[in-house]
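The values are calculated or read from the model by the stated rules, or taken from the named source; none is laboratory data. All figures in this text were calculated on a predicted structure; none of them were measured in a lab. All Cβ positions, glycine included, derive from the backbone under ideal geometry; neighbour counts span all protein chains shown. Each accessible area value is taken on the protein alone, full model and side chains, heavy atoms only, with ligands, DNA and RNA left out. Shrake-Rupley method; radii C 1.70, N 1.55, O 1.52, S 1.80 Å.
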Amino acid sequence: MSTRFTRTLRTPAGITVMIGGVVVLLATVFGPVLFGEAATARDIAGRQQGVSLEHPFGTDELGRDLLARVIVATRVSVLLTLGATGISVIGGVLVGIIAAVLPPVARRLVNALIDILLSFPWLLLALFFSVIWGTTATGAMLAVGFAGIPVFGRLVSTLASSVAGSDFVHAARILGSSPLRTSVRHVVPNILPPLLVNTASHASVTLLSFAALSFLGLGVQAPEYDWGRLLNEGARRIYVDPMAAMGPGIAIVLTGVVFSLLGALFSEKRSNRTLRALPRRSRAETRAIPTVPEAAPVVEAVDLRVSFRSEDGGLVERVHGVTLSVAPGEIVGIVGESGSGKSVTAMAAAGLLGPDSLVESDSLVFRGIDMTREPTSVEKRRLALEQAMIFQDPLSSLNPSLTVGRQLREVSEIHGRMSRSAAAARAIEALTLVRIPDAARRLRQLPHEFSGGMRQRAMIAMGLMGTPRLIIADEPTTALDVTVQRQVLRALRDAQRSTGAAILLISHDIALVSGFCDRVVVMRGGRIVEELAADRLDDARHPYTRGLIACVPDMGTDRDKPLPVIDAEPPSGREPGTSASTDPTAEHTEVVA
Ligand SMILES: Nc1ncnc2c1ncn2[C@@H]1O[C@H](COP(=O)(O)OP(=O)(O)OP(=O)(O)O)[C@@H](O)[C@H]1O
């Protein structure tokens, strides 16, 4: 048990939950055994007695002890509550996850249906369902459970949509993870904390709903009884013997409070949660991965065009006919201002763009794999092992609910078909290579226990877990300070040297790119405006490239003068097949003082 969790248990809320939880549990398990007889023994002479030492809650109209009946009713009340809450949560998670992974139109339809159901008061829905399933205890459980599904459906769909946009989910997809696996392993663990908190609070509301249904005569029927029925019977004598109604009322309120406080404790416990790995595939399933001659380009795109669907349903072309080739082991930098198409070009070249994009080209090949068609399963596995991606934000690149070691091992275990221990040994090697000290201990930590630079180096290490031939680093140092930037770039270079992988480094910083890369590709408005060797930047001919270079201050820069400013970006979006209104390759770009 973690110290944080132990500390939480020592708070007033934790102590209340522990004591309350134990009392409710004991009453649920042993109540009917220990107090069953007292709860059913009739004493006509002692009927409707008030509070006394012998009967602390009094007796009912047949002389049965009310305290014993409240204790015995715990089992039915708690089991019905847990059953209905379970139905609401399981149903809601299924509906929410399905809604989150559906295509946009179907997703909107499911969300609209959830919204319509949510607009009905919850108890009204429960009453409606209880009419369908009948006025029995099981009917009430189904009614209350189904009425809660829209509540959890909306919660899960909203939470899942936000997690689904995270870099680590994109990374999982890049690694070839199926939608089901991505949901179970990456989405569900990250929506668990709010889900658990809401489950516990919802359990207390469910408890009250059962009390309400039974109170109205629509829930548990005689001879069975729960707290709601006891409340109903006691309410008739509330002015004479208040304890007859207050007894079951106290039980409902205290149990509800325990459920609510439990939610807060669950959220503390969340960071220790890990999921079971999916079964490893047998060795027999392993197929030889075809190799390609090392001299061939790692990736080669000819006349690459990328369009995205716009709001009005049309297509807008963002990358207009880029031709790019990266040789094995080569470090190529793509520079350009924001929105110039650097990331889209790199992602398209590696076949990593999502279904909202249309990628066209005369030819697009990654190490012999034709990326213009759907890759086969063997090719998908090769892509997962041979491509590595390092995103800009190191915090959102790693799954916050899984240890760093587990995330590193995943690549080798699932795609490399390695045993767990071999993958763990490799993970230690990879972390050591990117200069993270005490790697074995670090692998057991969660991403939030790493600094920003270490997280980025862990991402590089993750790329090393396969057999990377191309590492795409998209602004890997933008969110880091200068000293940490150096460490990350050094780790990237170490990774490149040890694996011989090519690197596509995307950046808006031409100084950083020229110092790190062999070749620099300058992009503007979705086109390549110039390509040159990194050590020959002085030979740049295009005014935009010269403008970018002029913007970088050096030791000789006159600090009294403002830095040069480049003209506003030319419009880069146009309908596919039409000509751009401004051609960024034309040499008309001015550098103004
Ligand atoms: N999924 C998408 N849907 C619609 N448009 C997109 C999508 N992804 C990128 N774009 C558009 O494509 C253009 C190029 O984007 P890209 O991310 O490649 O720019 P960038 O040069 O990498 O800029 P930055 O440095 O800001 O990331 C931008 O206008 C962007 O709005």
Hey, among Ala212, Ala203, which residue is crowded, with 23+ Cβ neighbours inside 10 Å, in contact (Cβ under 8 Å) with a residue 40 or more places away in the chain and within 15 Å of Ala147 (Cα to Cα)? Ala203
Which residue pairs have Cβ atoms closer than 7 Å, lie 6 or more positions apart in sequence or on different chains, and pair a first residue in region 370-383 that is among the charged types (D, E, K, R) with a second residue that is assigned to a helix (DSSP H, G or I) and open to solvent by less than 60 Å² (accessible area, probe 1.4 Å)? Arg381/His415
What are the pairs with Cβ atoms under 9 angstrom where one residue, in region 505-520, is of a type in the set (Phe, Trp, Tyr) and the other, located anywhere, is open to solvent by 40 Å² or more (accessible area, probe 1.4 Å)? Sequence gap at least six, or different chains. Phe516/Arg493
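So is Leu53 open to solvent by 70 Å² or more (accessible area, probe 1.4 Å), under 28 Å from Ala143 (Cβ atoms) and without any contact (Cβ under 8 Å) to a residue 24 or more places away in the chain or not?
Numbers: open to solvent by 70 Å² or more (accessible area, probe 1.4 Å): yes; under 28 Å from Ala143 (Cβ atoms): no; without any contact (Cβ under 8 Å) to a residue 24 or more places away in the chain: yes.
Spelling it out, it is not the case that Leu53 is open to solvent by 70 Å² or more (accessible area, probe 1.4 Å), under 28 Å from Ala143 (Cβ atoms) and without any contact (Cβ under 8 Å) to a residue 24 or more places away in the chain.
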For region 348-362, state whether one or more residues are away from the ligand (no atom under 11 Å from the Cβ), touching a Lys or Arg at 6+ places or on another chain (Cβ under 7 Å) and farther than 27 Å from Asp509 by Cα. yes
Residue count for region 518-544, restricted to those that are open to solvent by 30 Å² or more (accessible area, probe 1.4 Å), within 19 Å of Ile472 (Cβ to Cβ) and part of a strand (DSSP E or B): 3
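Among the candidates Ala495, Ala491, Ala458, Ala427, which residue alone is crowded, with 24+ Cβ neighbours inside 10 Å and in contact with a strand residue (DSSP E or B) (Cβ under 8 Å, 6 or more places away or on another chain)?
Values: Ala491 fails: in contact with a strand residue (DSSP E or B) (Cβ under 8 Å, 6 or more places away or on another chain); Ala458 fails: in contact with a strand residue (DSSP E or B) (Cβ under 8 Å, 6 or more places away or on another chain); Ala427 fails: in contact with a strand residue (DSSP E or B) (Cβ under 8 Å, 6 or more places away or on another chain).
The conditions single out Ala495.
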Check off (1) hydroxyl-bearing (Ser, Thr, Tyr); (2) without any contact (Cβ under 8 Å) to a residue 12 or more places away in the chain; (3) within 16 Å of the ligand (Cβ to nearest atom) for Thr345 and give me the number that stays unchecked. (2)
Can you name every residue in region 471-488 that is open to solvent by less than 10 Å² (accessible area, probe 1.4 Å) and in contact (Cβ under 8 Å) with a residue 60 or more places away in the chain? Ile471, Ile472, Ala473, Pro476
With the structure loaded, tell me whether Ile390 is closer than 25 Å to Val522 by Cα, within 16 Å of the ligand (Cβ to nearest atom), among the β-branched types (Val, Ile, Thr) and in the same structural domain as Leu537 (by TED's automatic domain parsing) or whether it fails that test. yes
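Any residue in region 55-66 that is assigned to a helix (DSSP H, G or I) and in contact with a helix residue (DSSP H, G or I) (Cβ under 7 Å, 6 or more places away or on another chain)?
Taking region 55-66 first, the residues assigned to a helix (DSSP H, G or I) are 66.
If we keep only those that are in contact with a helix residue (DSSP H, G or I) (Cβ under 7 Å, 6 or more places away or on another chain) too, we end up with 66.
Yes, the conditions are met somewhere in region 55-66.
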Is it the case that region 121-143 has a residue that's aliphatic (A, V, I, L, M), modelled with pLDDT under 85, closer than 26 Å to Leu262 by Cβ and open to solvent by 30 Å² or more (accessible area, probe 1.4 Å)? yes
Having 2 or more residues that are within 23 Å of Val187 (Cβ to Cβ) is the bar; report the helices (runs of 4 or more DSSP H) wholly within region 399-517 that clear it. 404-410, 452-464
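With the structure loaded, tell me whether Gly525 is within 16 Å of the ligand (Cβ to nearest atom) and either modelled with pLDDT of 80 or more or under 25 Å from Ala349 (Cα atoms) (or both) or whether it fails that test. I'd like the intermediate steps shown before the answer.
Working: within 16 Å of the ligand (Cβ to nearest atom): yes; either modelled with pLDDT of 80 or more or under 25 Å from Ala349 (Cα atoms) (or both): yes.
In short, yes.
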Condition broken by Val332, with the remaining ones in (1) away from the ligand (no atom under 16 Å from the Cβ); (2) under 26 Å from Ile460 (Cβ atoms) satisfied: (1)
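Inside region 288-371, counting only strands (runs of 3 or more DSSP E) that do not spill past its ends, which hold 2 or more residues that are crowded, with 20+ Cβ neighbours inside 10 Å? Show your work before the answer.
Working: elements: 299-309, 315-326, 331-335, 357-360, 363-366.
Ranges flagged: 299-309, 315-326, 331-335, 363-366.
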